[in-house]
Amino acid sequence: MDFLLTFQNVAVLFLLIVVGYIVGKLNIITPGGQKELTALILKVTMPATIIMAFQLEYTKERFATALRIMLIITLAYIGMILLSKVFARMYKLSDNQRDIVEIASILPNTSFMGFPIVLSILGKEALFFAVLGAGLIFEVVAWTYGAYVINKSSGIDFKKNLVKNILLSPGILSIIIGFALFITSLTIPEPFNRTMGLLSQATSPLAMILVGILLSRTNIKECLLSGRLYIMALTRLLIFPVIIFSLLKLLGFSGMEIIIPVVMLSMPTAAYVAIFAANANNDANLASQIVFISSLMSLITIPFIVMMVS
């Protein structure tokens with residue numbers, strides 16, 4: 001795929017982040033409004049996007065490909081978790097900050113950036129594989145291992161509601177609903193189909209604006225002058241995706257089975273990391289800074305990754 005075309009698609013999303021940053025700085029959306037906007041995206045527009053991605057004709061080939069992608073991404077997460085523990089120990093940080101760096105290294109912005117970018121660059125067919133093959137595994141890893149590691153220094157007994165947090169998370173519920181519709185070949189009737197279609201179109205701009213608002217609460221100057229933040233971001237954006245791409249290429253994978261895992265796992269650090277850190281009274285500032293730097297650098301790295309796998 002042409003680098004300039006990919007760059008333009010990513011640049012549109014990044015400019016929406018800039019809009020969100022301005023909105024946050026001008027306090028057009030307050031911290032309270034930010035929380036409500038997050039809930040709107042996570043519980044309304046994102047589920048609509050996920051469910052609509054499953055509105056494709058069921059075929060055994062599609063389903064089998066999605067399962068293979070799911071297995072590849074599961075193994076990739078296991079590898080990233082092991083490597084992230086090694087990389088996190090390279091930095092002189094407190095234990096709770098090291099926990100944030102570890103999770104920031106393994107959790108890509110699958111929902112807020114991955115889905116919109118895959119849809120805009122690769123199309124609806126690719127979005128289906130991204131949602132079922134990558135989205136489901138991401139949600140499980142984020143709400144189990146990710147939330148547990150960030151919460152473990154807070155004294156919160158996260159294990160107590162672990163199953164509830166997974167099964168009732170908006171991402172998992174919407175994937176289950178969408179998958180059920182896909183397997184049974186049921187289509188959403190009008191006018192509900194058009195309504196959900198409009199809601200799903202709102203996810204991309206709202207999600208990018210939310211990322212910008214989150215970043216507006218951080219010290220941008222401190223971010224830009226911190227060398228170690230760039231190294232942390234490169235781990236998420238390039239080191240892990242290139243390792244995964246090289247291994248998959250070596251093993252003979254091709255098509256969606258290499259494109260989706262590598263592209264989805266090359267996204268900047270998930271906003272979940274900052275949200276989890278804030279909820280756990282962990283270092284939300286560090287988490288937001290990593291989100292910002294990785295989002296900024298992804299303007300160049302994502303087109304590079306898309307070209308590499310294409």
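Values in this text are rule-based calculations from the coordinates and carry no lab data. None of the values given here were measured: they were computed from a predicted structure. Quick reminder, even Gly has a Cβ in these numbers, built from the backbone with ideal geometry, and neighbours come from all protein chains shown.
Taking a straight Cα-Cα cut-off under 13 Å and skipping sequence neighbours fewer than 8 places away in the same chain, the aspartates and glutamates within cross-link reach of K249 are E257. Per the Kirkwood formula applied to alpha carbons, region 3-303 shows a radius of gyration over Rh ratio, Rg over Rh, of 0.94. With contributions of -39500 (n - 2.57) from each DSSP H run of at least four residues, the per-residue ellipticity at 222 nm computed over the chain stands at -22000 deg cm²/dmol.
Over the chain, Cα pairs under 8 Å with separation of 6+ residues give a relative contact order of 35 percent. Database remark: amide H of M267 closer than 5 angstrom to the amide H of N109 (H placed geometrically; neighbours at sequence offset of 5 or more, or on other chains; Pro and chain starts carry no H). Candidates I188, N96, I137 compared by Cα position along the dipole of the chain: farthest toward the positive end lies N96, with charges placed on Cβ. Of the peptides 134-146, 97-109, the order by per-residue mean of other Cβ atoms within 10 Å, starting with the highest, comes out as 97-109, 134-146. Remark: spin-label model distance L186-L15 equals 4.1 nm, labels positioned 7 Å along the Cα→Cβ axis. Of all complete DSSP H helices in the chain, those with a Cα span along the helix axis of 18 Å or greater and a mean Kyte-Doolittle hydropathy of 1.0 or more are 3-25, 60-88, 170-183, 192-216, 284-309. Take the Cα of D95, go 7 Å toward its beta carbon, and the backbone nitrogen atoms of region 264-297 under 17 Å from that spot belong to 281-283.
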